[in-house]
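> The structure is given below, and queries will be raised subsequently.
The values are calculated or read from the model by the stated rules, or taken from the named source; none is laboratory data. This is a predicted model, so every value here is computed, not measured. Every residue, glycine as well, gets a Cβ built from its backbone with ideal geometry; the counts of neighbours run over all protein chains shown.
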Amino acid sequence: MTKREQPVREATVADVARAAGVSKAQAARALGGYGAVSEQVLSLVIAASEQLGYRPNQVARSMTTGRSNSIGVVVGDIENAHFGLALRGISDEVRDAGYTVVLVNTDEDLDAEVGAVQELLQQRVAGLVVAPCSSTQTAHLGSAQERGRAVVLFDRGIHGLELDTVRVDFADAALQVGRLLLDAGHRRIGYVSSLRTDGPYEPGADLGLSPVADRVRGIEQAFTEAEDEWDPTLVQLNAFSDDTLAAACAELLDRPAPATAVVCSDSLIALGVLGHIKRRGLRIPEDISVVAYDDFPWTELVEPPLTVVAQPVYDMGREAARALLRRLGHRVPAERLPLRAHLVERASVGAPSEEN
């Protein structure tokens, strides 16, 4: 190999220290994100590292600090576009701070979630963003916190642990959904969700600190305002697979007095419900009305366009990442992103047919 062909040597911490005019120890602390350095030293080191094109040795960094430059993200169903868009928000936010994302899908299974958290901790992730599948069985999250890992909850809260939680309050939007359907004349309003529970829904059942709890409560409140009674058997949970979703739809549509409207907990549930409605030859909204949570482009392109509850999913992901970065000691803008849900009325809600 000629001299011209010899590879360029990558810059080291010592090179950065010399260029910045600081000690190697100061440069290592500034580049590794541990220990204390002054603002002046930090600025000099950052400028020198950028000039030299310094790339940190992540293995060495994790051995020194006890953590890598990775963020663990644990969600229930990555096939759900809600989590996919949130992941984009998380990734975009942490990338600028020098982190990569390690994603684990749990299928809303608690044992899988516990295993995922343990595995990510073994990989020395710097922190975790978790959409917990249980509000009460949280020992694994407490253990992560005790081991010095920053943990932020996404979309759902838990009991018993003081953790940053990024979620939307759906109380007002859910109440608007209930009022909209009641005003249209519906009294048999179904609700379908993948939330796993031990049995059928019963009035007052603890659905945890989840969006589903807010949404069911909002519809119930609308019925209370109207001095009417909502049939709790119209709440169909555990629709987490093709078979269980089909069973939920059958329960709503095959009964002697079928549901005249269905509220879908997310866009993935909505796609499944629409498929079952179409296969039965039912028309929307002439035969049945449909409302879905999450506003993705396809919901406006189907015929008829769906009435939805929109929420800022991408910004939710960004805010979860910001909360985690704050916990990791990064300087993050103090203002919080506005996270509000709102009803978007389109053409999928109408009056129930006279036959119903």
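> What residue, of V273, V290, V262, is touching a Cys at 6+ places or on another chain (Cβ under 6 Å) and closer than 19 Å to H186 by Cα?
On the way: V290 fails: touching a Cys at 6+ places or on another chain (Cβ under 6 Å); V262 fails: touching a Cys at 6+ places or on another chain (Cβ under 6 Å).
Sole residue among the options that is touching a Cys at 6+ places or on another chain (Cβ under 6 Å) and closer than 19 Å to H186 by Cα: V273.
> Evaluate the following for R326: is it modelled with pLDDT under 95, not aliphatic (A, V, I, L, M) and not in a loop (DSSP other than H, G, I, E, B)? Quick ask: steps written out before the conclusion?
Numbers: modelled with pLDDT under 95: yes; not aliphatic (A, V, I, L, M): yes; not in a loop (DSSP other than H, G, I, E, B): yes.
Judged against the criteria, R326 is a match.
> Given the conditions (1) more than 20 Å from the chain's Cα centre (by Cα); (2) in the same structural domain as D155 (by TED's automatic domain parsing), which single one is not true for A320?
(1)
> In the stretch 144-198, what residues are acidic (D, E) and either without any contact (Cβ under 8 Å) to a residue 40 or more places away in the chain or surrounded by 20 or more Cβ atoms within 10 Å (Cβ to Cβ) (or both)? Even if it seems obvious, please write down each step before you answer.
Filtering the stretch 144-198 for residues acidic (D, E) gives 146, 155, 162, 164, 169, 172, 183, 198.
Residues satisfying the conditions are E146, D155, E162, D183, D198.
> Checking N356 against (1) buried (at least 16 other Cβ atoms within 10 Å of the Cβ); (2) outside any helix (DSSP H, G or I); (3) modelled with pLDDT of 95 or more: exactly one of these is not met. Which one?
Among (1) buried (at least 16 other Cβ atoms within 10 Å of the Cβ); (2) outside any helix (DSSP H, G or I); (3) modelled with pLDDT of 95 or more, N356 violates only (3).
> Can you find a residue in the stretch 171-183 that is over 24 Å from P312 (Cα atoms), more than 19 Å from the chain's Cα centre (by Cα) and of a type outside the set (G, A, S)? Please lay out each step first, then the result.
Here is the first cut: in the stretch 171-183, the ones over 24 Å from P312 (Cα atoms) are 182-183.
Pick out the ones that are also more than 19 Å from the chain's Cα centre (by Cα) and you get 182-183.
After this cut, where a residue has to be of a type outside the set (G, A, S) as well, the list is 182-183.
Yes, that holds for at least one residue.
> Please enumerate the residues belonging to the stretch 188-198 that are more than 25 Å from the chain's Cα centre (by Cα) and either part of a loop (DSSP other than H, G, I, E, B) or basic (K, R) (or both). Break it down stepwise before answering.
Start the filter on the stretch 188-198 by keeping residues that are more than 25 Å from the chain's Cα centre (by Cα), which leaves 188-189.
The answer is R188, and nothing else.
> Another question, if that's okay. State the number of residues belonging to the stretch 218-232 that are surrounded by fewer than 17 Cβ atoms within 10 Å (Cβ to Cβ) and either free of Cβ contacts under 8 Å to residues at least 24 places away in the same chain or under 25 Å from G76 (Cα atoms) (or both).
Of the residues in the stretch 218-232, the ones surrounded by fewer than 17 Cβ atoms within 10 Å (Cβ to Cβ) are 221, 224-229, 231-232.
Add one more test, that the residue is either free of Cβ contacts under 8 Å to residues at least 24 places away in the same chain or under 25 Å from G76 (Cα atoms) (or both), and what stays is 224, 227, 229.
Total meeting the criteria: 3.
> Now, a different point. Give the residues of the stretch 155-182 that are within 13 Å of I219 (Cβ to Cβ) and not β-branched (V, I, T), sorted by residue number. Spell out the reasoning first.
Step one: list which residues in the stretch 155-182 are within 13 Å of I219 (Cβ to Cβ), which gives 170-182.
Scanning the stretch 155-182 gives F170, A171, D172, A173, A174, L175, Q176, G178, R179, L180, L181, L182.
> Okay, moving on. Might you let me know whether the stretch 279-288 holds any residue that is within 24 Å of E108 (Cβ to Cβ), at pLDDT 95 or above and not aliphatic (A, V, I, L, M)? Please lay out each step first, then the result.
Step one: of the stretch 279-288, the residues within 24 Å of E108 (Cβ to Cβ) are none.
No.
> Pick from the stretch 241-280 the residues that are of a type in the set (G, A, S) and buried (at least 24 other Cβ atoms within 10 Å of the Cβ): which of them is nearest to the chain's Cα centre (by Cα)?
Out of the qualifying residues, it is S265.
> Please determine, by comparing only the residues of the stretch 329-344 that are of a type in the set (G, A, S) and at pLDDT 80 or above, which one is surrounded by the fewest Cβ atoms within 10 Å (Cβ to Cβ). It would help to see each step written out before you state the result.
Residues of the stretch 329-344 of a type in the set (G, A, S): 329, 334, 341.
From the residues that got through so far, the ones that are at pLDDT 80 or above too are 329, 341.
Numbers: G329: 10, A341: 23.
Top of the filtered list is G329.
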